[in-house]
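The values are calculated or read from the model by the stated rules, or taken from the named source; none is laboratory data. Since the structure is predicted, the reported quantities are computational estimates derived from the model, not experimental observations. Cβ placement follows ideal geometry from the backbone for every residue including glycine, while neighbour counts extend to all protein chains displayed. Heads up: the accessible areas ignore ligands, DNA and RNA and are worked out on the full protein's heavy atoms, side chains in. Shrake-Rupley method; radii C 1.70, N 1.55, O 1.52, S 1.80 Å.
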Amino acid sequence: MSQDIRKLCLIFSLFSFVGCHGYAPAWQVRQAQLRTYEMYHARQHLATELAGAQQSLGHMAMEKQQLEQSLAAANQRIDNLAMERTRLQEQYKTLLTNLPEESPLSGAASRRLQELAQRYSEFEFDPATGISRFTGDLLFATGSDQIQSGGSNVLNEFAAIMNSSDTRDFNIVVVGHTDDQPVSKPSTRARHETNWELSAHRATAVVKTLAKNGLAEPRMSIAGYSMYQPTAPNSDESGRQQNRRVEIFIVAPDTSIASNGGSPMK
């Protein structure tokens, strides 16, 4: 018999004794017994609740520890991705800085690209530098990295020019850019979390399309600059449309796009 029960029995006995010898009315004794019984059960109930609360507290402490560990791992992953992004940005910044200032193309190839630009208003070609630029939304719809039909046509013709006899040894660097509008639609964020991914994915889509049109993949390289290389202010839609672009840098045959573990071009 537990100590609490023994105490309860003793109290019942004392009350019974007092009632039998006339020291207190029987109804008072019964009420006192009832209150004592209720107090005992209330104490038992509180003890059970206390044990449950202590168990829940233990579970919450374990969950807190697990969440802290998960948060630390996520923060470490974010730090690693940020370091990798910075490294790639610096690598391609150096790569593009070392591109030749004058076009390495022959006169015939340059004329064909100029004729292509005349037929597609949103395709530009600079004969002085050999840089091709797809501006506006010729290649992609807003927030998408899927090549549109009009963009496929001009990329097909561009690949044919780059595969001609006087340009087939040239390499190209495809660079994606976006405007300053953040990726907001859930459907878009599912594919491109930020403008970094969107710019890189668009450059990748151009490379894949050129490869399907016969341009050898070892001749190509990609970069994505997100919104950080604008050519016009992002203050209105006209400027943002100019900044949503893909640029193609044509590189001379003796220029190495990537060698010795990704070192800059020489």
Find out how many positive minus negative residues lie around PHE134, taking Lys and Arg as positive, Asp and Glu as negative, among other residues whose Cβ is under 9 Å from that of PHE134. -1
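Leaving out ligands, DNA and RNA, and with a 1.4 Å probe, what % of the accessible surface on region 117-178 is carbon or sulfur?
Numbers: 1090 of 2510 Å².
Carbon-and-sulfur percentage of accessible area, whole number: 44.
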Could you quote the convex hull projected area for region 127-266, Cα atoms only and averaged over all directions, in nm²? 9.2
Can you list residues whose amide H is under 5 Å from TYR228's amide H, if they're 5+ apart or on another chain and H is modeled 1.01 Å from N? THR178
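So how do 218-226, 177-185, 51-59 stack up, highest first, on mean other-Cβ count within 10 Å?
Working: 218-226: 19.7, 177-185: 16.6, 51-59: 9.8.
Result, highest mean first: 218-226, 177-185, 51-59.
Which order do the peptides 37-48, 232-243, 107-118 come out in when sorted by mean C-beta neighbours inside 10 angstrom, highest first? Could the numbers behind the result be given before it?
Working: 37-48: 10.9, 232-243: 14.0, 107-118: 16.2.
Ranked by mean Cβ neighbours within 10 Å, highest first: 107-118, 232-243, 37-48.
Extension gain ALA47-SER165, at 0.36 nm per residue separation less the Cα-Cα distance, in nm? It would help to have the intermediate numbers written out before the result.
Details: separation 118, 0.36 × 118 = 42.48 nm, distance 9.03 nm.
Length gained, ALA47 through SER165: 33.4 nm.
Summing Lys, Arg as +1 and Asp, Glu as -1, what charge do residues with Cβ under 15 Å from the Cβ of GLN146 carry, GLN146 excluded?
Working: positive: LYS185, ARG191, ARG202, LYS208, LYS212, ARG244; negative: ASP137, ASP145, GLU197.
Local net charge: +3.
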Calc'd 3J(HN,Hα), region 118-134, phi into Karplus 6.51 cos²θ - 1.76 cosθ + 1.60 (θ = phi - 60°), Hz, glycine/Pro = x, comes to 5, 8, 10, 5, 9, 10, 10, 9, 9, x, 6, 10, x, 8, 9, 9, 9
Table column - 3J(HN,Hα) (Hz), region 65-72, Karplus curve with 6.51, -1.76, 1.60, x for Gly and Pro: 5, 5, 5, 5, 5, 5, 5, 5
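Full-extension gain between ARG85 and THR194, please, as 0.36 nm times their residue separation minus the C-alpha to C-alpha distance.
Details: separation 109, 0.36 × 109 = 39.24 nm, distance 1.26 nm.
Result for the pair: 38.0 nm of gain on full extension.
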What are the ³J(HN,Hα) couplings of region 196-208, residue after residue, when phi is run through the Karplus curve with 6.51, -1.76, 1.60 and θ = phi - 60°? Round to Hz, x for glycine and proline. 4, 5, 4, 5, 5, 5, 5, 4, 5, 4, 5, 4, 5
About the Cα centre of region 135-261, what is the dipole size in debye to 20, counting +1 per Lys and Arg Cβ and -1 per Asp and Glu Cβ, all else neutral? 320
